[in-house]
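Each remark here refers to the structure printed beneath this line.
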Amino acid sequence: MDYLEFKEPRWFMEQLTFPELLNRNVTRFATKKAQMWRAKDGEIKSITYAQMGRIVKEITCGLMELGLKPGDRAAIMCNTRAEWMQCDYAILCAAGITVCVYPTLSGSEMTYILKDSGTKILFVEDSITLARAEKAAQELPALEKIIVIDGDKNINSGKVMSLDVLMKTGEQLSIKDRFAFEDRWRSVKLKDRMTIVYTSGTTGNPKGAVHTHHSVNAAIMRDLSFAPEIKSDYVMLSFLPLSHTYERECGHGIAMLTASTIAYSSPQTMVQDFADFKPAYFMSVPRIYERIFMALKARASQSPVKKMIFNRAIATGLELVNAISDEKGFINVYQGMDITDGVRFGLRLRYRLYDKLIFSKVRAMLGGNFAFACSAAGSLSPDLFKLFLAMGLQIYEGYGSTETCNTINMNRLHRVLPGSVGPLCPGVEGRVADDGEWLVRGNNIFLEYWNNPQATKEAFTEDGFFKTGDIVEMLDEGFIKIVDRKKGLIVLDTGKNIASSKVEQAFSTSPYVDVAFAAGDSQKFISAIIVPNFEEFMNLFDQKGISYDRSAVKYYSLNGVEVCEHVGKDFIDIPLLKEMIDKEVERVNRELETYERIKKYIILNRRFTENSGEMTPTLKIKRNVVIANLKDEIKKLYV
């Protein structure tokens, strides 16, 4: 396809190391707001780029005083917050390599990553993560210091030191040697290793994908070469894990290169944060878009009249989106678009009525300044994309991986095909292998797997294309559709290949099904494990006066939000629940080919979680783990 030519030059397109990028923003945008966040007392705080530069300088000098040398590894085990970014840039300005550790990882996984990477200094968030780190430190001879971000500001005992003490230590070095910081960050080269991000493997130990300053910078410039316009006053809302390349590159990387303001949010405060920060753009994953829509639908269903109006509004919106789609299904989506342009008068009139009653209020809930959002780390259902577009919310879906530093394919301004991940991005090559696997090559591809030359060799073809492990289908105009992971394909004993993701995503807008897991490899038919939306059924049972064993209901914390993890067996045995789940399965089966349909299923009384090892930190299901954990239940479906 032809790439969009922008009227205004994109001044921010520069090949820079990340210390150079920080220095550019500190010197050119000193007084501009760099970071905003909500403090524990609810007060909104912020710092400018000049202030952020000062913080990074003190942390960097502190790391140098602790003996961090160029090429040494320093890890961050912390939830997404302003300090994550500050510590990351400090490690990079010290010419170190940042190792990303999800704070929710099990003790054994955390220990493996820190040991494999040879981490010398570890940043942890609070006393909880400190306790886990101190326990792991007994098996980590290379670990010399643990820096605590939150807690007693005066901690400095043994291996443990507070971030405040580290910064004071750094301040003393900068007083003694005013050029220590300058000399160190200016020594960093584009080809230097920048970060190690461990993949969430479904089997065996995770592999550490190594990216350089060159590959990550190439990834950001790749994204900005076709991204919607990012204006100087735009705020980017950050809530996904910074331990993953998606938020760190697509979110923070784009924000830094364009000198945007980054606002930090969390699931507990997200609704209020949209209102207060008024973000223009953000990165998210399909599961969160699904939950946002389900929350909107639940709010609109508080009375029969509101539910009727909402459903009619959605139906009208979908009718309009289909009307503006061309004969191949492509839609012209662009900033400032009038979605009613060119549609017949009656439909336009109906849409504007529902826009005033429903959709405008949804946009207002998002702060009223929404420009666009991106979706990746899983397939976004076409229906969900259309539902958001009907509400005036533009989502651009893309595809990539940790090894590719995210975007390989992406839908474009003026050319979006729902259900696809778009064509190849500028500067990236791709081809389909004989078995359907997507192979890619470009400057954004990772350098190597840390300490694993054999895995590195196996990851590439002889001519340097990275094997993504994803099976794709080539569509019109070079757009591609992700069929499934190679390991996610289900092969029936009839020889039929079925994409598990196609079956599972058909439930994405169901109010009653949280997760559907398709099984059936080497069997005669497809079966499924259904995890109900427990909270939805609790509300339904309460409305209808249906009792259940509340003492059996257990909760867990998902990114700080209490989520129902487990219910009693009596809960899933309630006839109304079985009836509603059965209707959802019947609905989905009508959308599937005969050989893809679910013949049998079981209802699980617990969710898949990271703690059970069945979900990755980015909310992807680990198929091998689920099949191993539920092998007896799956076996019974084929008796």
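The values are calculated or read from the model by the stated rules, or taken from the named source; none is laboratory data. Because the structure is predicted, anything quoted here is derived from the model rather than measured. Cβ sites come from the backbone with ideal geometry, for glycine too, and all protein chains shown count toward neighbours.
Scan (1) touching a helix residue (DSSP H, G or I) at 6+ places or on another chain (Cβ under 8 Å); (2) of a type in the set (D, E, K, R); (3) within 25 Å of K386 (Cβ to Cβ) for the single condition D476 breaks and write down its number.
Against the list (1) touching a helix residue (DSSP H, G or I) at 6+ places or on another chain (Cβ under 8 Å); (2) of a type in the set (D, E, K, R); (3) within 25 Å of K386 (Cβ to Cβ), D476 comes up short only on (1).
Pairs only if they're at least six apart or on different chains, beta carbon under 9 angstrom, first in segment 161-187 and part of a helix (DSSP H, G or I), second among the aromatic types (F, W, Y) and surrounded by 19 or more Cβ atoms within 10 Å (Cβ to Cβ); list them, first residue then second.
Note: pairs meeting the criteria are L163/F123; G170/F181; L173/F181; S174/F181.
Looking only at segment 105-125, which residues are surrounded by fewer than 17 Cβ atoms within 10 Å (Cβ to Cβ) and within 23 Å of the chain's Cα centre (by Cα)?
S106, G107
Taking the condition assigned to a helix (DSSP H, G or I), more than 24 Å from A280 (Cβ to Cβ), touching a residue at least 24 places away in the same chain (Cβ under 8 Å) and in contact with a Leu (Cβ under 8 Å, 6 or more places away or on another chain), does A298 pass?
Details: assigned to a helix (DSSP H, G or I): yes; more than 24 Å from A280 (Cβ to Cβ): yes; touching a residue at least 24 places away in the same chain (Cβ under 8 Å): yes; in contact with a Leu (Cβ under 8 Å, 6 or more places away or on another chain): no.
Criteria not met by A298.
Every residue in segment 141-154 that is farther than 12 Å from L66 by Cα and either in contact with a Gly (Cβ under 7 Å, 6 or more places away or on another chain) or surrounded by fewer than 19 Cβ atoms within 10 Å (Cβ to Cβ) (or both), please.
Within segment 141-154, P141, A142, D150, G151, D152, K153, N154 meet the criteria.
Using the structure shown, decide if L357 is surrounded by 15 or more Cβ atoms within 10 Å (Cβ to Cβ), more than 18 Å from R412 (Cα to Cα), touching a residue at least 40 places away in the same chain (Cβ under 8 Å) and not basic (K, R).
So L357 does not fit the description; no.
Restricting to segment 588-625, what's the tally of residues that are at pLDDT below 90 and of a type in the set (V, I, T)?
Residues that pass the stated criteria total 6.
So for segment 399-414 (the condition being over 20 Å from C250 (Cβ atoms) and of a type outside the set (V, I, T)), does at least one residue qualify?
Yes, because at least one residue in segment 399-414 is over 20 Å from C250 (Cβ atoms) and of a type outside the set (V, I, T).
With the requirement that a residue be of a type in the set (D, E, K, R) and not in a helix (DSSP H, G or I), what does segment 57-69 give you?
Selection gives K69 alone.
Would you check which residues across segment 203-251 are farther than 17 Å from Y399 by Cβ and charged (D, E, K, R) and list them?
K207, E229, K231, D233, R248
Determine which single condition R222 fails, assuming it passes every other condition in (1) in a helix (DSSP H, G or I); (2) within 30 Å of V625 (Cβ to Cβ); (3) of a type outside the set (A, V, I, L, M, F, W, C).
(2)
Scan segment 182-189 and give yes if some residue there is closer than 30 Å to K457 by Cβ and either more than 18 Å from the chain's Cα centre (by Cα) or not assigned by TED's automatic domain parsing to the domain that holds A628 (or both), otherwise no.
Scanning segment 182-189 turns up at least one residue that is closer than 30 Å to K457 by Cβ and either more than 18 Å from the chain's Cα centre (by Cα) or not assigned by TED's automatic domain parsing to the domain that holds A628 (or both).
Among the basic types (K, R) and either surrounded by fewer than 17 Cβ atoms within 10 Å (Cβ to Cβ) or touching a helix residue (DSSP H, G or I) at 6+ places or on another chain (Cβ under 9 Å) (or both): which single residue out of R73, R81 fits that description? Even if it seems obvious, please write down each step before you answer.
Numbers: R81 fails: either surrounded by fewer than 17 Cβ atoms within 10 Å (Cβ to Cβ) or touching a helix residue (DSSP H, G or I) at 6+ places or on another chain (Cβ under 9 Å) (or both).
Every option except R73 fails the conditions.
I'm trying to understand the selection: among the residues of segment 170-188, which are farther than 25 Å from N79 by Cβ and not hydrophobic (A, V, I, L, M, F, W, C)?
The answer is E171, Q172, S174, K176, D177, R178, E182, D183, R184, R186, S187.
Among I546, I480, which is the only one that is buried (at least 22 other Cβ atoms within 10 Å of the Cβ), among the β-branched types (V, I, T) and modelled with pLDDT of 90 or more?
On the way: I546 fails: buried (at least 22 other Cβ atoms within 10 Å of the Cβ).
Unique residue meeting the criteria: I480.
Provide a single number: the residues in segment 484-524 that are farther than 19 Å from M474 by Cα and not in a loop (DSSP other than H, G, I, E, B).
Residues in segment 484-524 being farther than 19 Å from M474 by Cα and not in a loop (DSSP other than H, G, I, E, B): 13 in total.
So which residues in segment 107-151 are among the acidic types (D, E) and either under 24 Å from P453 (Cα atoms) or touching a strand residue (DSSP E or B) at 6+ places or on another chain (Cβ under 6 Å) (or both)?
Listed by number, the residues that qualify are E109, D116.
In segment 30-56, how many residues are farther than 20 Å from R186 by Cβ, in a loop (DSSP other than H, G, I, E, B) and more than 25 Å from the chain's Cα centre (by Cα)?
5
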